[in-house]
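The values are calculated or read from the model by the stated rules, or taken from the named source; none is laboratory data. None of the values given here were measured: they were computed from a predicted structure. For neighbour counting, all protein chains shown are included, and Cβ atoms are generated from backbone atoms with ideal geometry for every residue, glycine included.
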């Protein structure tokens, strides 16, 4: 796997990729070629427009039925405006990675190191604050790639585990996290507005 570093206004972008296979490599299994089409990129403040776009879309696609449409849209407008995304990307505590498939943005993750939770008996521990994919890419299992990247970063940082919140109505996400080794250790509320919140499980993975 090769690494390319480019500079955009003084900010570094890290690209992880493999070169396109040559004709001589055709004997290799299909999954080798599949992996060559995937890249994971560290997001920087210059990527605020991208985060704003995929952040809002993925939230609506996965949680749009968890609240009235106007409530969800109001939350997206506030939390995923370019200004809000820029502020998050400028916060050095936040680590954002985007995953691309065949050159197209497919999803993203956000983790925060050393972020304790009362229900999590680990310290230091990483919070997986977001992991979202665009619906059209669900079948490619790219979430596993993002999760592996996040866990590898967390372990390299000396963290003892990871925790996250997951909406109780998102059975697909709960199955995914369970397969990754996460277990429910508590409950929380995800506040969308002053009058609407969604019940969540707090799930934890111990390394």
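State which residue pairs qualify: first residue closer than 11 Å to residue 164 by Cβ and inside the stretch 122-137, second residue part of a helix (DSSP H, G or I) and at pLDDT 95 or above in any location, beta carbons under 7 Å apart, and separation of 6 or more residues or different chains.
Every condition considered, the pairs that remain are 126/154; 128/150; 131/143; 131/146; 131/147.
When you go through 131, 164, 192, 205 one by one, which is the residue that is surrounded by 14 or more Cβ atoms within 10 Å (Cβ to Cβ), part of a strand (DSSP E or B) and modelled with pLDDT under 95?
192
State the number of residues belonging to the stretch 169-184 that are surrounded by fewer than 17 Cβ atoms within 10 Å (Cβ to Cβ) and over 15 Å from residue 144 (Cα atoms).
Total meeting the criteria: 4.
Given (1) surrounded by fewer than 20 Cβ atoms within 10 Å (Cβ to Cβ); (2) in a helix (DSSP H, G or I); (3) modelled with pLDDT of 95 or more, where does residue 139 come up short, assuming only one miss?
The failed condition is (3).
Residues in the stretch 16-34: is at least one assigned to a strand (DSSP E or B) and either more than 16 Å from the chain's Cα centre (by Cα) or modelled with pLDDT under 95 (or both)?
Yes - at least one qualifying residue is present in the stretch 16-34.
Please determine whether any residue of the stretch 36-52 is at pLDDT 90 or above, over 26 Å from residue 151 (Cα atoms) and touching a strand residue (DSSP E or B) at 6+ places or on another chain (Cβ under 6 Å).
No, that holds for no residue.
Hey, among the residues in the stretch 38-81 that are assigned to a strand (DSSP E or B) and touching a helix residue (DSSP H, G or I) at 6+ places or on another chain (Cβ under 7 Å), which one's surrounded by the most Cβ atoms within 10 Å (Cβ to Cβ)?
Looking at the filtered set, the residue picked out is 40.
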